[in-house]
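Got a structure for you, questions after.
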Amino acid sequence: MKKEMVKSIGVLTSGGDAPGMNAAVRAVARTCLNKGIDVYGVMLGFKGLHEGQFYKFNRHSTRNIINVGGTMLKSARFPEFADPKIREEAIEQMKKIGLEALVVIGGDGSYHGALELTKMGVNCIGIPGTIDNDIPDTDYTIGFDTALNTIVDALDKLRDTSGSHQRCTILEVMGRTCGDLAVNAGLAAGAEIIVTNHTGFDEQKIIEQLRLSKASDKKHAIVVITEHITDVHELAKHVEEATGFETRANVLGHMQRGGRPSARDRVLASRMGIKAVELLEEGKGGLCVVQHGEEIESEPILTLFEHKRQVPQGMYDDVLKLR
Ligand code: ATP
């Protein structure tokens, strides 16, 4: 028997926002409309799904958003969605408007919601939207490149002042448990030391390295560290006391989430949005879109949960080769 074609698709953004999410929403909307599929924007992630906050898109709904950061659909944390009863209620809301399938743009938490809905009969496809690049099996997530450039821009500015005052600068960046932002930014901005969950945190080793740098007549130094590893202000105090290197700590914070998406993020988001609709059109669910080299492919969400993203050791080695 021929499978019924999907007639109506919703798209939502969930978890932390990331630059490029709008470009993905636009790609989902336009691909649907070009195929004659009804498409709805769901406000506020799974919270809006549960509340029935649906807006039917037309050709104009997603105009002028490809270059805009944040997410036009807004995002929300809604832990209640882990409750099967709440998900049942959300599915009832979808049925009221004939919404059959969903594209979920977000991080790994959002993928749990997408997978659970698929198990309950609503096909969902995940698109990796998070600046952290902490989703395994995809080369890049949407928002990573823009955030990386924001950090490098900040480090370049800190280098100017750090060099002028012959200081050591410590910068804490986002990434949750993933070191991609720190190691890439460190390489791009010429940092002496990178600290991530992969390298581990050894205060004495950092102090020793900075002492060596100062002794070898280095006039300033940059340390990049992933969030949640240590209190960077305390670390700065300890470094200054132990090395005599005047040291300042900076926490870049939510600035990393904002800004116009880079060209790379827009391209990735656009291609992933198209792919997500094509998968739903084929009657597939429980998958997420991934980038492998130049190809946009898909993987079962379940497979991703079994893996952890690993930044290649070679990247860390390269930082050491250049200091
Ligand atoms: P980021 O990586 O930017 O934090 P994320 O998608 O991992 O993004 P979370 O807050 O972990 O962000 O998850 C987003 C939403 O996904 C949650 O608020 C909740 O609505 C839904 N969600 C998370 N875990 C589950 C789960 N186990 N079952 C159902 N829904 C879930």
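Leaving ligands, DNA and RNA out of it, report the carbon-plus-sulfur percent of the accessible area of the chain at a 1.4 Å probe.
50 percent
If each DSSP helix of 4+ residues adds -39,500 (n - 2.57) and the sum is divided by the residues in the chain, what number results at 222 nm, nearest 500 deg cm²/dmol? The partial results should precede the final answer.
Working: 11 runs with 138 residues, N = 323.
Helices in the chain give a 222 nm mean residue ellipticity of -13500 deg cm²/dmol.
Only Cα pairs within less than 10 Å get springs; with that Gaussian network setup on the chain, which residue of 140, 55, 111 has the largest fluctuation?
It is 55.
Here's something else I'd like to know. Please identify, among 61, 14, 75, the residue showing maximal mean-square fluctuation in a Gaussian network model of the chain using a 10 angstrom Cα cutoff.
Looking only at 61, 14, 75, the biggest GNM fluctuation is shown by 61.
If a helix is a whole DSSP H run, which ones in the chain reach 20 Å or further along their own axis (Cα) and hold a mean Kyte-Doolittle hydropathy of at least -1.0? Before the final figure, lay out each step's value.
Numbers: long enough: 21-35 (21 Å, 0.21); 144-165 (31 Å, -0.30); 263-281 (27 Å, 0.13).
Within the chain the helices that satisfy the rule are 21-35, 144-165, 263-281.
What translational D, rounded to a whole number of µm²/s, comes out for segment 145-258 from Stokes-Einstein when the hydrodynamic radius is the Kirkwood one over Cα pairs, at 4 °C and 1.567 mPa s? Can you show the working numbers first?
Numbers: Rh = 13.8 Å.
It comes out at roughly 94 µm²/s.
Can you work out the base-10 log of I(q)/I(0) for segment 205-273 at q = 0.13, 0.17 1/Å, using the Debye formula on its C-alpha atoms alone?
-0.55, -0.71
Could you give me the percent of Cα pairs per 5 Å distance bin for segment 73-113, shortest bin first, beginning at zero and ending with the bin that holds the maximum distance?
6, 18, 27, 30, 17, 2
Here's a follow-up. Ignoring everything but the protein chains, give the 1.4 Å probe accessible area of residue 59 in square angstrom, nearest 10.
120 Å²
Could you tell me what a quarter of the Cα convex hull surface of the chain works out to, in nm² with one decimal place? Spell out each step's value before the answer.
Values: hull surface 68.8 nm².
The orientation-averaged projected area of the Cα hull of the chain comes to 17.2 nm².
Another question about this same structure. How much accessible area does residue 216 have with a 1.4 Å probe, in Å² rounded to the nearest 10?
Approximately 80 Å² for this residue.
Next question. If packing is taken as the average count of other Cβ atoms within 10 Å, what order do 207-214, 271-278, 27-34 fall into, highest mean first? Walk me through the numbers on the way to the answer.
Working: 207-214: 17.1, 271-278: 24.0, 27-34: 22.1.
Most protected by this proxy first, the peptides run 271-278, 27-34, 207-214.
Determine which aspartates and glutamates satisfy two conditions relative to residue 284: a Cα distance under 20 Å, and not lying fewer than 8 residues away in the same chain.
Of all the aspartates and glutamates, those that pass the test against residue 284 - Cα under 20 Å, at least 8 places apart if same chain - are 4, 38, 100, 108, 116, 137, 295, 297, 299.
The values are calculated or read from the model by the stated rules, or taken from the named source; none is laboratory data. Predicted model, so just to flag it, every value in this text is computed and none were measured. Counting neighbours? That spans all protein chains shown, and the Cβs are built from the backbone with ideal geometry, glycine included. When the accessible area is computed, the model is the full protein with side chains, heavy atoms only, and any ligands, DNA or RNA have been set aside. Shrake-Rupley method; radii C 1.70, N 1.55, O 1.52, S 1.80 Å.
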